[in-house]
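S.K.: Starting off with a structure, shown below.
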Protein chains: 2
Amino acid sequence: MNLAIDASSGEPLLESLRAGRVGLVALCGGTGKCGKCRVQVVSGQVSELTSVEEDGLSPEELDEGFRLACQCRALGDLTIDIPASSLEMTQRLQLEGEGGSVALEPSVTAVPVQMSAPHSEDLIADADRLENALRAAGCSPASTPRGLLTELSSDLRELGWEGRAVLQDGRIVTFLPVDASMAGLAVDLGTTKMAGYLIDLDSGKSLAKTGMMNPQVEYGDDVLSRIAFANEDSAGRRHLQRTVVDGISELVEALCRDAGIERDQIVDAVVVGNTAMHHLFAGIAVRQLGLVPYVPAVGASLAFASDEIGLSLAPGAQIYMPPNIAGFVGADHVAMLLATQAHKAEGTTMALDIGTNTEITLAVDGRLLACSCASGPAFEGAHIRDGMRAAPGAVERVSIWDGEVHLETIEGQPPVGICGSGILDAVAGMFRHGIIDRSGRFREDKLESEVTDPFFPLVESSVAGRGRPLGLTLQDVREIQLAKGAIRAGIEILLREANITFGELDEVIVAGAFGTYLGIDSAVSIGMFPPLASDKFRQVGNAAGMGAVRLLLSESERAEAERIRKSIEYVELTVHPLFTKVFAHALRFGEYLGP
Amino acid sequence: MNLAIDASSGEPLLESLRAGRVGLVALCGGTGKCGKCRVQVVSGQVSELTSVEEDGLSPEELDEGFRLACQCRALGDLTIDIPASSLEMTQRLQLEGEGGSVALEPSVTAVPVQMSAPHSEDLIADADRLENALRAAGCSPASTPRGLLTELSSDLRELGWEGRAVLQDGRIVTFLPVDASMAGLAVDLGTTKMAGYLIDLDSGKSLAKTGMMNPQVEYGDDVLSRIAFANEDSAGRRHLQRTVVDGISELVEALCRDAGIERDQIVDAVVVGNTAMHHLFAGIAVRQLGLVPYVPAVGASLAFASDEIGLSLAPGAQIYMPPNIAGFVGADHVAMLLATQAHKAEGTTMALDIGTNTEITLAVDGRLLACSCASGPAFEGAHIRDGMRAAPGAVERVSIWDGEVHLETIEGQPPVGICGSGILDAVAGMFRHGIIDRSGRFREDKLESEVTDPFFPLVESSVAGRGRPLGLTLQDVREIQLAKGAIRAGIEILLREANITFGELDEVIVAGAFGTYLGIDSAVSIGMFPPLASDKFRQVGNAAGMGAVRLLLSESERAEAERIRKSIEYVELTVHPLFTKVFAHALRFGEYLGP
């Protein structure tokens, strides 16, 4: 890629590149903490090294001219190389998932109507005329919302007083041309990624799907840094909302282009996300989400006019957001349960959505128990020295045999970093081969002599194309230990609360992008998951997105979501009397030998 | 007044003055048509006279250096005099009116609630906690709107989980401090002026009232020029909406300051206006209002979240707008009927709201008949050579006796122009004294010799402080003739439709600012009103504003408004078989001798 970017403004290269539409990874929001926005200065004058860069880059990298784009400024014409690992553009998105099938029963219905035009003997107002026509067709519309009225008079005249009136709960949503289909939008709004689905609500068929990064990533990679940004002042929260609404608007644009439909054919929408994404999208205060005891502003499902938050769909279209269970068990988890039908399973079922926060629900004997584990962002590649998101060139599979390390990278590209599943495999391999022990310590005799700090190399520096080899440090192993310990502790506490053992589990459902790609055997061997036969695990892909689609297709699913919220028993781990002990045991690699 | 204004930009003086916060009268929206923005250039270089100015200013005015601010540009430092008649700032507003009394029965109720704070054993979401507390208090809130959720979590914590929850139709509107009263806002949104009322909804008492110009005046003085501006492109309509919402926001600011309350104590609002003002405020398309057969987009009453249109009140506050009857019989007329109770009168009652458009309702034998007359802006001082709005220095009373003209001006200021009631008096006096005949022609023998064009002087040029005397031209008389003819034709057609004569009228109610100040005897003597005894007329002031207050105070009034809409029979004058004939007769001054 060879681009000319204007960097004359004296701002950090990160900003100039962004303005030139080159997005770099900046997990920390451009503060220099994550060290991911490495660029290599080939020629030209740049600002002096900052202390942040001296800490964040290795001596070899500094020698080779690597800089952090969030710190470095151009002092004149400049040529830089951007390693693939620093580019944010090409992240793999998980759109597909298991969603089962659901009967088409959307909350909107289209009624064909035909009216006579007003004339001097018939001066009924336009909205009243439409309502009368609907009444004549056997429907009783209760109201025409202001949002629809804004353009209704023009639309009726342009369409010659004939078309399809779309109704929802007695409200007229919009007036479509005779031959236009009703479309619905489902969005899985993740902290990092967003997946969008466009569905034909007349037929239930999928029209288009696509994904992109959540543009809020610019303001911090994880939920807590977003909450902190939103809390700075009221403008911060509004800005985050604006950012994500604009992002979804782009997503809608792309979906409509793919499907060949107009935005104003989208008559209904469902957005699911964790509680922080839910609140920030709806413009709701998040301060209490970041403070003990971490409660959401709202539990019940929400429905509001899309134009209230500035998302342009059909004029009277509403956005439905399913209920939140607890501060860190959000609407996306409810959607995942709907998609996998875990909550209705006949046997004993556990469903996990692994991310920076991992939500777990255990369905047993008609009870639903849920908890949330602070598993951290290690599996997203953050806080891992050579970690990266699942983009081309990321090491996604690692196996060690015959004393050698074998790798697979995404799209077979030369390795530029390691993503979550690769990190998990690597740690599992290191543990199996005794390179680390149960406590995570590196066994001295297994270390290569050339490094002083404990380090396990996966890729030689020459192959990695950077100043040092790719591999895992002791600190990286510690991060994985914390993540897997948190998840296993959550599993154990739920089993205890239900008074069962892991052997009684009939099925373990693993959802989410990382959950789809992770090696179950690796997860079992380090003790993140209990040692069940591999056929007891089901990896279901983006089930939250599929759940959002179900909520779009069927009103019964919305009622079901409300039932889940009311029946689920939330277990708060941080105050659970056994949590500290269980967590300490769960931190150890291998077999869990807890209290 | 001595102000330094930056006029170096080369734009017309009108714009520079506006930017310097000096508002000039520009009834036509700055196109040069109305000729009201006269300024006198004392010294300095200005642009050449335009043909618009040559047409719009008299030779005397041109000699004295008068220019139209919308045409004239500064070419350097400039000193100008602005006659009082050109200043827009000091218009008299009619706030008071007859509103009768109404039982306090607002659509909002406040429920005192107290909650315990969430803790690790009690992690219910904030909105659910509030809803539970309301349920415990015997209320069943159906929903918490998104608008309220945005700040609810912060508010609950700041107020220590104790306060007054305000409910409306099962919706939680807001959460107020324990000792804060609920306030309501009523606005009469006129084409020219806006009147605002702040009411304590706990006691029903008035807290404050104030008025200001409708800032949309800048984009045209009358309804049709606003519609034309809105139709130019979609940005035009949005801009007009923004302008009036900002204006009402200023009004709210002033009201809150006067009353010593916070904006977010305003938990309910009522806005009334004619259909064009109604649509433009709510952001609804107006094109069909300006095209035959002139139908409104919506007849039924509207209720929408105030934040949908960017008016900041209590977070979940709604704006209620009463129903529209027809294209030119709007929600303000319904409000006027409610305030005067004309629709419930025991006898035969006629109620008129005189303005650029005059709405008339006739209540007879349980029927309600309504029509709209295109009376034009003459009574607002537009299209009248020396006309002006009712501001200090406007001639508001004219009587002719002993061969002399006697004048009263608003606030006793030196005369600078003539407002509606003065014009009406003057024309009536001219007719009574035979200066004009029944057809409106000037009788030659009554004319002063010094003028060539027919002209009746009221004020000598030296007193008027301008290059020519103040008075009425033949053209002015024609304008009044058209206005009074339209109104009388409406009255006559309604009487005919009801099959009664004017003698059967028990009461004639005259509403609106002009209606409050007009001389009934003058209106009768020129034949604008039928010749009834003066005690049959009741001048009720700003009844639309009072009606808005009633709609705020009582839910029954809202039901009553809907009943009026459903029962009223609208008579479209323009297609009425007798209209042309009746109008032709009604144009003549004096006794109406129609078909």
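The values are calculated or read from the model by the stated rules, or taken from the named source; none is laboratory data. Owing to the predicted nature of the structure, the values given are computational and were not obtained by experimental measurement. Ideal geometry is used to build each Cβ from the backbone, glycine not excepted, and the neighbour counts take in all protein chains shown. Accessible surface areas use protein heavy atoms only, side chains included; no ligands, DNA or RNA. Shrake-Rupley method; radii C 1.70, N 1.55, O 1.52, S 1.80 Å.
S.K.: Just to be sure before I move on: is B:Gly310 more than 9 Å from every other protein chain (Cβ to nearest Cβ) and touching a residue at least 60 places away in the same chain (Cβ under 8 Å) in the structure I sent?
M.R.: yes
S.K.: For the stretch B:209-231, check the following and say yes or no: at least one residue is hydrophobic (A, V, I, L, M, F, W, C), out of contact with any strand residue (DSSP E or B) (no Cβ under 8 Å at 6 or more places or on another chain), within 14 Å of chain A (Cβ to nearest Cβ) and in contact (Cβ under 8 Å) with a residue 24 or more places away in the chain.
M.R.: Yes - at least one qualifying residue is present in the stretch B:209-231.
Quick grid of which residues meet (1) in contact with a Cys (Cβ under 9 Å, 6 or more places away or on another chain); (2) in contact (Cβ under 8 Å) with a residue 40 or more places away in the chain; (3) part of a loop (DSSP other than H, G, I, E, B); (4) surrounded by fewer than 24 Cβ atoms within 10 Å (Cβ to Cβ):
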| site | (1), (2), (3), (4) |
| --- | --- |
| B:Val187 | no, yes, no, no |
| B:Met194 | no, yes, no, no |
| B:Gly204 | no, yes, yes, yes |
| B:His239 | no, no, no, yes |
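S.K.: Still on this structure, I have one more. Residue by residue through the stretch B:222-233, note down the ones that are open to solvent by less than 10 Å² (accessible area, probe 1.4 Å) and more than 10 Å from B:Arg287 (Cα to Cα).
M.R.: B:Arg226
S.K.: Pairs, please: C-beta under 7 Å, at least 6 apart or cross-chain, first residue without any contact (Cβ under 8 Å) to a residue 24 or more places away in the chain and in the stretch B:397-426, second open to solvent by less than 60 Å² (accessible area, probe 1.4 Å)?
M.R.: Going by the 7 Å Cβ cut-off, the qualifying pairs are B:His406/B:Ser399; B:Glu408/B:Glu396; B:Thr409/B:Gly393; B:Thr409/B:Ala394; B:Thr409/B:Val395; B:Thr409/B:Glu396; B:Thr409/B:Pro415; B:Glu411/B:Pro392.
S.K.: Polar (S, T, N, Q) and in contact (Cβ under 8 Å) with a residue 60 or more places away in the chain: is that true of A:Asn499 in this structure?
M.R.: The answer is no for A:Asn499.
S.K.: Looking at A:Ala326, is it more than 22 Å from A:His239 (Cα to Cα), surrounded by 24 or more Cβ atoms within 10 Å (Cβ to Cβ) and more than 12 Å from chain B (Cβ to nearest Cβ)?
M.R.: Criteria not met by A:Ala326.
S.K.: Could you list, ordered by first residue, the pairs with Cβ atoms under 7 Å in which the first is in the stretch B:34-62 and surrounded by fewer than 18 Cβ atoms within 10 Å (Cβ to Cβ) and the second is of a type in the set (S, T, N, Q) and not in a loop (DSSP other than H, G, I, E, B), at least 6 apart or interchain?
M.R.: B:Val42/B:Thr79; B:Ser43/B:Thr79; B:Gly44/B:Thr79
S.K.: If a residue has to be open to solvent by less than 40 Å² (accessible area, probe 1.4 Å), under 19 Å from B:Ala498 (Cβ atoms) and at pLDDT 95 or above to count, how many in the stretch B:538-572 make the cut?
M.R.: Qualifying residue count, the stretch B:538-572: 3.
S.K.: Give the residue, chosen from A:Leu482, A:Leu474, that is open to solvent by 20 Å² or more (accessible area, probe 1.4 Å) and at pLDDT 95 or above.
M.R.: Result of the check over A:Leu482, A:Leu474: A:Leu482.
S.K.: Would you confirm, using the coordinates I've provided, whether A:Pro595 is touching a helix residue (DSSP H, G or I) at 6+ places or on another chain (Cβ under 6 Å) and open to solvent by 10 Å² or more (accessible area, probe 1.4 Å)?
M.R.: yes
S.K.: Being within 14 Å of another protein chain (Cβ to nearest Cβ), more than 25 Å from A:Leu224 (Cβ to Cβ) and over 16 Å from the mean Cα position of the chain (by Cα) is true for just one of A:Gln288, A:Gln318, A:Gln341. Which residue is that?
M.R.: A:Gln318
S.K.: Restricting the search to the stretch B:148-179, which residues are open to solvent by less than 10 Å² (accessible area, probe 1.4 Å) and either in a helix (DSSP H, G or I) or away from chain A (no Cβ under 14 Å) (or both)?
M.R.: The answer is B:Leu148, B:Leu149, B:Leu152, B:Ser153, B:Leu156, B:Gly163, B:Ala165, B:Val166, B:Gln168, B:Val173, B:Thr174, B:Leu176.
S.K.: Considering B:Ala544, B:Ala586, which residue is within 30 Å of B:Met430 (Cβ to Cβ) and touching an Asp or Glu at 6+ places or on another chain (Cβ under 8 Å)?
M.R.: Within the list B:Ala544, B:Ala586, the selection yields B:Ala586.
S.K.: Given the conditions (1) within 14 Å of chain B (Cβ to nearest Cβ); (2) in contact with a strand residue (DSSP E or B) (Cβ under 8 Å, 6 or more places away or on another chain); (3) open to solvent by 70 Å² or more (accessible area, probe 1.4 Å), which single one is not true for A:Thr109?
M.R.: (1)
S.K.: Please go through the stretch B:559-579 and pick out each residue that is away from chain A (no Cβ under 14 Å) and either without any contact (Cβ under 8 Å) to a residue 24 or more places away in the chain or within 16 Å of B:Pro322 (Cβ to Cβ) (or both).
M.R.: Residues satisfying the conditions are B:Ala559, B:Glu560, B:Ala561, B:Arg563, B:Ile564, B:Ser567.
S.K.: Tell me which of these B:Val582 doesn't satisfy, since it passes every other one: (1) within 25 Å of B:Arg496 (Cβ to Cβ); (2) out of contact with any Gly (no Cβ under 6 Å at 6 or more places or on another chain).
M.R.: Failing condition for B:Val582: (2).
Residue-by-condition table, conditions (1) under 18 Å from A:Thr473 (Cα atoms); (2) not hydrophobic (A, V, I, L, M, F, W, C):
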{"residue": "A:Ile384", "(1), (2)": "yes, no"}
{"residue": "A:Ala391", "(1), (2)": "no, no"}
{"residue": "A:Arg397", "(1), (2)": "yes, yes"}
{"residue": "A:Glu408", "(1), (2)": "no, yes"}
{"residue": "A:Glu411", "(1), (2)": "no, yes"}
{"residue": "A:Gly417", "(1), (2)": "yes, yes"}
{"residue": "A:Gly420", "(1), (2)": "yes, yes"}
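S.K.: Based on this model, can you work out whether A:Gly412 counts as buried (at least 24 other Cβ atoms within 10 Å of the Cβ) and either within 14 Å of chain B (Cβ to nearest Cβ) or farther than 30 Å from A:Ser554 by Cα (or both)?
M.R.: no
S.K.: If the requirement is being more than 11 Å from every other protein chain (Cβ to nearest Cβ), under 19 Å from A:Leu201 (Cα atoms), part of a helix (DSSP H, G or I) and of a type in the set (D, E, K, R), which of these qualifies: A:Asp264, A:Asp246?
M.R.: Answer to the check: A:Asp264.
S.K.: Still on this structure, I have one more. Only residues that are charged (D, E, K, R), open to solvent by 20 Å² or more (accessible area, probe 1.4 Å) and within 12 Å of chain A (Cβ to nearest Cβ): list them for the stretch B:129-145, please.
M.R.: B:Glu131
S.K.: Kindly provide the set of residues from the stretch A:267-317 that are surrounded by fewer than 23 Cβ atoms within 10 Å (Cβ to Cβ), part of a loop (DSSP other than H, G, I, E, B) and among the β-branched types (Val, Ile, Thr), ordered by number.
M.R.: Within the stretch A:267-317, A:Val292 is the sole residue that qualifies.
S.K.: Then there is this: Could you give me the residue pairs with C-beta distances under 6 Å whose first residue belongs to the stretch B:318-344 and is closer than 17 Å to B:Leu553 by Cβ and modelled with pLDDT of 95 or more, whose second residue is of a type in the set (Asp, Glu) and not in a strand (DSSP E or B) wherever it lies, and which are 6+ apart or on separate chains?
M.R.: The qualifying pairs are B:Leu338/B:Glu557.
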